[in-house]
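One structure below.
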There are 2 protein chains.
Amino acid sequence: MASQLPTIPKGTRDFSPIEMARRNYIFDTIKKAFILYGYQQIETPAMENLSTLMGKYGEEGDKLLFKILNSGDFMKEVNTDDVSQRNLVKLTNAMCEKGLRYDLTVPFARYVVQHRNDLQFPFKRYQVQPVWRADRPQKGRYREFYQCDADVVGSDSLINEVELLSLADYVFGKFGIRVLIKLNNRKVLSGIAELIGAPEKIVDITVAIDKIDKIGIENVNEELRSKGLAETSINILQPLLLLSGSNEEKLAKLTDLLRESETGMKGIEELKYVLNHVAKLGIQSDVEVDVSLARGLNYYTGSIVEVKAKDVEIGSISGGGRYDNLTGVFGLQGVSGVGISFGADRIYDVLNALNLYPETVNSSSKILFVNFGETEAEVSLEYVMQLRKEGVSAEVYPEPSKMKKQMGYADAKGIPYVAIIGETEVAEGVITLKEMSTGEQYKLTLQELVEKVKK
Amino acid sequence: MASQLPTIPKGTRDFSPIEMARRNYIFDTIKKAFILYGYQQIETPAMENLSTLMGKYGEEGDKLLFKILNSGDFMKEVNTDDVSQRNLVKLTNAMCEKGLRYDLTVPFARYVVQHRNDLQFPFKRYQVQPVWRADRPQKGRYREFYQCDADVVGSDSLINEVELLSLADYVFGKFGIRVLIKLNNRKVLSGIAELIGAPEKIVDITVAIDKIDKIGIENVNEELRSKGLAETSINILQPLLLLSGSNEEKLAKLTDLLRESETGMKGIEELKYVLNHVAKLGIQSDVEVDVSLARGLNYYTGSIVEVKAKDVEIGSISGGGRYDNLTGVFGLQGVSGVGISFGADRIYDVLNALNLYPETVNSSSKILFVNFGETEAEVSLEYVMQLRKEGVSAEVYPEPSKMKKQMGYADAKGIPYVAIIGETEVAEGVITLKEMSTGEQYKLTLQELVEKVKK
């Protein structure tokens with residue numbers, strides 16, 4: 001039969017056993033940390049009503065939602081004029097009621113509102129599930145990928161921010177990834193916007209600040225001019241552009257700059273509180289105030305956090321912040337929240353680049369029993385059951401194939417031990433154990449074998 | 001703001017923290033067993049090309065696939081005549097290239113063919129992922145649900161069947177669910193069809209056999225007549241309809257009945273092999289030959305397995321069998337496989353009905369530190385970090401709310417211990433620990449507290 005190899009949709013991935021072992025190590029480490037910090041897991045459906053998703057991610061986001069064709073007669077509600085005019089938006093609305101989850105935040109907001117009477121607030125939830133985006137696929141950008149989110153809703157306390165930074169520090173400590181945690185506060189940015197009377201320019205300003213090291217202050221000022229900032233504003237911004245030194249020094253200069261702005265001063269106070277407390281907790285990672293940090297500006301209202309790996313050139317591997325009105329769009333006002341998200345795919349790349357996976361991250365059995373035929377296989381089956389009861393993953397090669405083939409199987413799968421049970425071993429009630437890494441062989445009783453492979 | 005509560009698509013579910021804890025217990029138990037038995041995990045994308053999925057589940061199955069609207073101009077390929085004629089099949093093909101996974105078997109077959117050069121055969125894989133079906137939702141039937149599959153491909157050996165039965169026995173033993181494992185063989189059914197010269201009647205016959213206990217042999221014979229079976233065929237079938245007794249007795253009668261059919265005798269031999277070997281392995285569950293077992297008749301070619309809970313009236317909670325040509329449809333011939341699938345949702349219902357969850361299945365922190373204000377909270381934050389390092393999940397209530405509210409939070413979440421750190425405790429360097437179940441209070445050092453809550 002002539003046939004093409006089957007394929008999968010672009011931007012999606014199959015995960016092989018070794019990739020799964022590594023991904024599970026990442027997810028398990030993050031989940032275990034979430035649990036230690038008192039977050040509780042929820043899961044939401046892959047499909048949400050489009051009414052829940054649409055309008056939450058901007059116009060561009062609406063286009064990137066994967067929509068699901070209605071079951072049955074999906075043409076029922078379609079207006080013929082919309083077909084002839086190729087009115088894609090109206091046609092989509094007529095033919096699709098559901099879409100795939102685009103992130104975990106909007107489904108979480110929907111969850112909180114829908115189940116608010118059953119929840120204990122503050123509600124600390126974590127969620128580790130795939131999301132889907134019809135982005136143009138490219139290196140490191142996929143149409144299906146996992147998000148690992150932890151959020152607290154229903155509490156304004158900055159203790160939550162302290163705990164989230166501590167959590168990030170804990171997680172990356174477990175991975176052995178050295179990180180820099182960047183911290184900013186939306187209120188500081190609002191203070192700056194107040195200062196120059198141009199709130200709509202705040203993104204341009206943060207982008208410019210971020211370029212100082214690369215292009216120098218003169219070029220940055222030129223860029224600000226080209227963005228339409230007045231000369232007086234640019235003058236006011238100079239101390240901000242030249243912000244440097246320790247966090248204390250930066251905060252002192254910011255205080256000087258923003259002393260007239262109540263909002264700005266509130267932001268500085270919050271930064272101080274968080275910095276002060278994470279220092280007391282003995283956080284290992286470097287924490288740096290960075291006023292150019294402007295992620296999530298359209299929804300973060302307080303703290304803004306971003307985590308970067310120190311030893312690998314890659315974008316942020318974790319980030320989060322505080323949002324004051326997560327659930328407002330679903331009709332529940334006044335629920336403040338703060339959360340953090342870990343980027344599993346980038347963490348995967350960092351761990352690969354730094355070769356940081358523990359040796360125990362392995363997808364194969366610990367031991368393979370070679371199959372020499374019916375009698376020997378029967379004995380082997382009983383041994384593997386004993387090993388499994390001891391918590392050792394074990395398998396019998398199912399066919400009495402040539403020794404070379406069976407050893408090749410163990411080798412290719414990275415199985416560290418091979419048990420050889422031939423006539424002699426059956427008669428003597430022993431097992432010949434071959435250690436694949438050294439080639440050494442031992443004759444052992446089952447009990448001795450268990451002790452050896454469990455080490 | 002007046003607004004409706006948001007909802008989720010019918011047939012889908014949110015999972016709350018306690019539900020997640022229980023589901024994780026189920027998935028973890030099954031996954032751990034898969035690993036002990038030497039299966040390796042893979043994952044495939046939620047979306048597959050429709051060309052991969054269509055035609056694999058019958059005409060009805062094609063309708064139950066969730067199709068994803070193409071991104072961008074999904075009307076590009078649409079033919080106006082198909083619109084005016086409401087030709088849903090052609091319109092779907094024109095507008096949708098992708099669909100959601102309907103089961104784990106077809107994506108697995110696709111995976112094996114696509115990656116065949118990278119795989120070691122026999123390939124033992126497990127996969128635990130959600131699948132989606134546009135079925136009419138009803139009690140116990142969802143549009144999104146998880147499958148937990150383990151399969152071996154590339155080996156004809158019956159050792160694989162023995163291992164799968166052993167695996168089912170192991171899993172349900174871990175859950176504490178008493179089960180009956182029903183075993184049949186497609187070749188026995190083919191032998192019966194040969195015997196009466198009516199292979200197309202095999203489903204009617206198995207359905208009839210299944211009803212013997214309920215409606216009696218006369219009514220069963222009447223039903224067979226009404227299905228168009230000749231009187232001679234019905235006569236031949238009488239010993240089969242009256243099959244009873246131990247597995248040995250059943251197999252003896254089957255041997256007598258099928259002695260002229262080579263295929264039928266092969267099926268009996270396979271049944272004997274599997275029964276003989278699982279008995280030797282000391283399987284705990286009852287295993288029963290049941291010739292009325294006819295699941296998956298359109299693809300199973302050898303062993304057929306079904307697992308039923310003994311103490312709860314519910315459908316099968318696990319099932320599987322051997323298929324000779326899983327990958328043929330994707331152009332790779334001659335790859336035999338055998339697999340088993342565990343029904344997580346039904347297992348969930350059985351564990352609930354029998355109240356079999358271990359006490360450790362809990363979604364909450366082990367200990368909550370009450371918040372009395374800034375100073376006490378700071379001390380508490382340091383204590384919770386120590387506890388987490390000891391592997392104890394711990395949290396500080398983020399706000400200095402009224403004691404009653406904080407205790408209510410602990411109570412509602414089922415947190416077993418509450419730590420109280422007031423002025424006295426800070427001064428003395430101790431912690432007052434309250435055991436929620438008894439109301440008892442102790443003054444402890446951190447070390448004593450760790451020992452107490454870790455127990």
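Model label sites at B:Tyr273 and B:Lys310, defined 7 Å from Cα along the beta-carbon direction, differ in position by 2.9 nm.
Taking 0.36 nm per residue of sequence separation and removing the Cα-Cα distance, the B:Ile18/B:Thr232 pair yields an extension gain of 71.2 nm. A Förster radius of 22 Å, combined with the Cβ-Cβ distance separating A:Lys280 from B:Thr424, puts the computed FRET efficiency at roughly 0.55.
In terms of overall dimensions, the C-alpha atoms belonging to chain A reach 94, 65, 48 Å along their principal axes, ordered largest to smallest. The separation of the range A:63-123 from the range B:253-329, counted between C-alpha centres, amounts to 44 Å. Extension gain, B:Asp28 to B:Thr7: 0.36 nm times the residue separation minus the Cα-Cα distance gives 4.6 nm. Taking amide H atoms as placed 1.01 Å from N in the peptide plane, the amide H of B:Phe369 lies under 5 Å from those of B:Glu395, B:Val396, B:Tyr397, B:Ala419, each 5 or more residues away in sequence or on another chain. The amide H of B:Ala294, built 1.01 Å from its N in the peptide plane, has no neighbour under 5 Å, considering only residues 5 or more places off or on other chains.
Legend: mean number of C-beta atoms from other chains within 10 angstrom of residue C-beta atoms, peptide A:69-79, equals 5. Counts of other chain beta carbons within 10 angstrom of each beta carbon in peptide A:90-97 average 2.
Each label point is 7 Å from the Cα along the Cα-to-Cβ direction; what then is the distance between the points at B:Ser51 and B:Lys443, in nm? Distance between label points: 7.7 nm. Remark on B:Cys148: its backbone amide H falls under 5 Å from those of B:Phe342, B:Ala344, a criterion applied only to residues 5 or more positions apart or on other chains, H modelled at 1.01 Å from N.
So if R0 is 56 Å, what FRET efficiency would B:Arg86 and B:Arg259 give, r being the distance between their Cβ atoms, rounded to the nearest 0.05? That pair, B:Arg86 with B:Arg259, gives E of 0.45. Exposure here means at most 14 other Cβ atoms within 10 Å; with GluC sites (Glu not before Pro) in a DSSP loop as sites, the longest stretch of chain B lacking them is B:78-259. Kirkwood analysis of the range A:51-194, using all unique Cα-Cα pairs, places the hydrodynamic radius at 18.9 Å.
Pairwise Cα separations in the protein assembly as shown fall into 20 Å bins from 0 onward with the following percentages, short to long: 12, 38, 34, 13, 2, 0. In whole Å, what is the distance between the alpha-carbon centres of the range A:133-209 and the range B:346-415? So the separation of the two Cα centres works out to 27 Å.
3J(HN,Hα) couplings calculated from phi for the range B:191-205 with the Karplus curve 6.51 cos²θ - 1.76 cosθ + 1.60 (θ = phi - 60°) are, in sequence order, x, 4, 4, 4, 3, 9, x, 9, x, 6, 8, 5, 5, 4, 5 Hz; Gly and Pro show x.
Once divided by 2.2 N^0.38 Å, the Cα radius of gyration of the range B:1-58 becomes 1.77.
Which FRET efficiency value, to the nearest 0.05, is calculated for B:Glu249 and B:Asp204 with the Förster distance at 25 angstrom and r the Cβ-Cβ distance?
Working from the Cβ atoms, E equals 0.50.
Rg/Rh, computed from the Cα trace of the range A:328-455 with Rh as the Kirkwood radius, has the value 1.28. Among B:Leu104, A:Leu354, sorting on how many other beta-carbon atoms sit within 10 Å of each Cβ, with the fewest leading, yields A:Leu354, B:Leu104.
Classify the range B:348-414 from the C-alpha gyration tensor, please: rounded if a/c falls under 1.5, else prolate or oblate depending on whether a/b exceeds b/c. Oblate shape, in that a/c is at least 1.5 and b/c is the bigger or equal ratio. Neighbour counts of C-beta atoms inside 10 Å place A:Met75, B:Met47 in the sequence A:Met75, B:Met47, starting with the fewest. For the cross-link pairs A:Lys124/B:Lys402; A:Lys124/A:Lys250; A:Lys389/A:Lys455; A:Lys389/A:Lys452; A:Lys455/B:Lys452, the ones whose C-alpha atoms lie over 23 Å apart are A:Lys124/A:Lys250; A:Lys455/B:Lys452.
Compared with the rule-of-thumb size 2.2 N^0.38 Å for a compact globular protein, the range B:5-114 has a Cα radius of gyration ratio of 1.42. Each of A:Val83, B:Val112 has some number of other Cβ atoms within 10 Å of its Cβ, and from fewest to most they run A:Val83, B:Val112. Across the range B:409-418, computed HN-Hα scalar couplings (Karplus, 6.51 cos²θ - 1.76 cosθ + 1.60, θ = phi - 60°) run 4, 4, 5, 5, 7, x, 6, x, 10, 10 Hz from first to last residue, x flagging Gly and Pro. Stretching the chain fully between B:Asn325 and B:Met436 yields a gain of 34.2 nm (0.36 nm per residue, less the alpha carbon separation).
Just so you know, all these numbers are worked out from the coordinates, no wet-lab data involved. No experiment lies behind these values; they were computed from the predicted model shown. Note that we place each Cβ from the backbone using ideal geometry, even for glycine, and neighbour counts take in every protein chain shown.
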